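Undergrad: After the structure tokens below, expect a handful of questions from me.
The values are calculated or read from the model by the stated rules, or taken from the named source; none is laboratory data. Fair warning: this is a prediction, and the values are worked out from it, not measured in the lab. A quick note on method: Cβ atoms are made from the backbone with ideal geometry, for glycine too, and the neighbour counts reach across all protein chains shown. Ligands, DNA and RNA are stripped out before the accessible areas are found, and what is left, the full protein with its side chains, is counted by its heavy atoms. Shrake-Rupley method; radii C 1.70, N 1.55, O 1.52, S 1.80 Å.
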Amino acid sequence: MKKSWVLSIIMSFVLLGGVFAPVGSYAAAADDSTTTYSEDEYYEEIDTSEQEPIPTVEEEDFLGYLDQLDMASVYEERAFNALGGGFYITSSNRKSVFLKLTNTAIPNYTKYVSKLKLIKPQNTELQKIHANLIKGSYTQLEGFQLAKKAVSKTTVNSAVLKQSNAKIAAGKKNIEKFHKEFSAYANKLGFDL
């Protein structure tokens, strides 16, 4: 019995000796190239006084407006892509223009105008600017609908097509007015568009 007790004490010293030994033998084996971690080396103080200023209510309204315009513009882009950039109608392309207007351009542009009408900026100046976009886009939609009517028969109705072109041109003027006023408003707030 005493032998096992003595044996367990010796084993305890051997095992505990491994814990205490690094202080002497392992420390002597380490050379100077060993790196140690220091929080000071990796800690960088951040100056919070130079953070971006909190946006004003007017700036937040403007940014929210931009987000809503971006979501609506998907439909406008689809409509114009369907028309292929040009809007020149002849008797040979009458049917394909009719199908593009009926199936893609008018439905997408109608969704675009509907989305624009749902946008309600809080700022009165931005509301007035936005009204020009709605008016111009709605007038262009009317022009597209007249163009569809002009090409719906086997021959192109020149009188209706002329009305269509006039509506589209009038809508374009309102949209250009919107872009001019919107750019000035954005610059006033300090945004570069």
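Undergrad: Hey, if you put +1 on the Cβ of every Lys and Arg and -1 on every Asp and Glu Cβ in the stretch 61-123, which of Phe98, Asn81, Gln68 ends up farthest toward the positive end of that dipole?
TA: Phe98
Undergrad: Keeping the other protein chains in place, figure out the carbon and sulfur percent of the accessible area of the stretch 140-180, with a 1.4 Å probe.
TA: Working: 1360 of 2510 Å².
Of the solvent-accessible surface of the stretch 140-180, carbon and sulfur hold 54 percent.
Undergrad: Applying the Karplus parametrisation 6.51 cos²θ - 1.76 cosθ + 1.60 with θ = phi - 60° to the phi angles of the stretch 150-167, what ³J(HN,Hα) value in whole Hz is obtained for each residue in order, glycine and proline being reported as x?
TA: Along the stretch 150-167, the couplings run 5, 9, 6, 9, 5, 10, 6, 7, 5, 5, 5, 5, 5, 4, 4, 4, 5, 4 Hz.
Undergrad: Taking the mean number of other Cβ atoms within 10 Å as a proxy for protection, how do you rank 141-148, 99-106 from highest to lowest? Present the calculation step by step, with values, prior to reporting the outcome.
TA: Details: 141-148: 20.4, 99-106: 17.5.
Ranking the peptides 141-148, 99-106 by packing returns 141-148, 99-106.
Undergrad: Here's another thing I want to ask about it. Taking 25 Å as R0, compute the FRET efficiency from the Cβ-Cβ separation of Glu58 and Arg78 and round it to 0.05.
TA: Rounded to the nearest 0.05, the efficiency is 0.20.
Undergrad: Further question on the same structure: For the stretch 90-193, which semi-axes, largest first and in whole Å, follow from the square roots of 5 times the eigenvalues of its Cα gyration tensor?
TA: Numbers: eigenvalues 214, 35, 22 Å².
Working through the eigenvalues yields semi-axes of 33, 13, 11 Å.
Undergrad: Report, in listed order, any pair from Lys120/Lys167; Lys111/Lys180; Lys128/Lys177; Lys115/Lys149; Lys128/Lys172; Lys135/Lys167 with a Cα-Cα distance greater than 19 Å.
TA: Values: Lys120/Lys167 25 Å; Lys111/Lys180 24 Å; Lys128/Lys177 11 Å; Lys115/Lys149 24 Å; Lys128/Lys172 17 Å; Lys135/Lys167 11 Å.
With Cα atoms farther than 19 Å apart: Lys120/Lys167; Lys111/Lys180; Lys115/Lys149.
Undergrad: Set the Förster radius R0 to 30 Å, insert the Cβ-Cβ distance between Lys173 and Thr102 as r into 1/(1 + (r/R0)^6), and round the FRET efficiency to 0.05. Mind showing how you got there, number by number?
TA: Values: r = 26 Å, r/R0 = 0.88.
Calculated transfer efficiency: 0.70.
Undergrad: Same structure, new question: Rounded to the nearest whole Å², what accessible area per residue is found for the stretch 119-193 with the 1.4 Å probe?
TA: Numbers: 4440 Å² over 75 residues.
Normalised by residue count, the accessible surface of the stretch 119-193 is 59 Å².
Undergrad: Still on this structure, please answer the following. Any chance you could list P(r) for the stretch 98-141, counting all Cα-Cα pairs in 5 angstrom bins from zero, rounded to whole %?
TA: P(r) over the stretch 98-141, rounded to whole percents: 5, 23, 25, 18, 13, 7, 5, 3, 0.
Undergrad: What nm distance separates the two modelled labels at Asp192 and Ser92, each placed 7 Å from Cα along Cα→Cβ?
TA: Those two pseudo-labels are separated by 4.8 nm.
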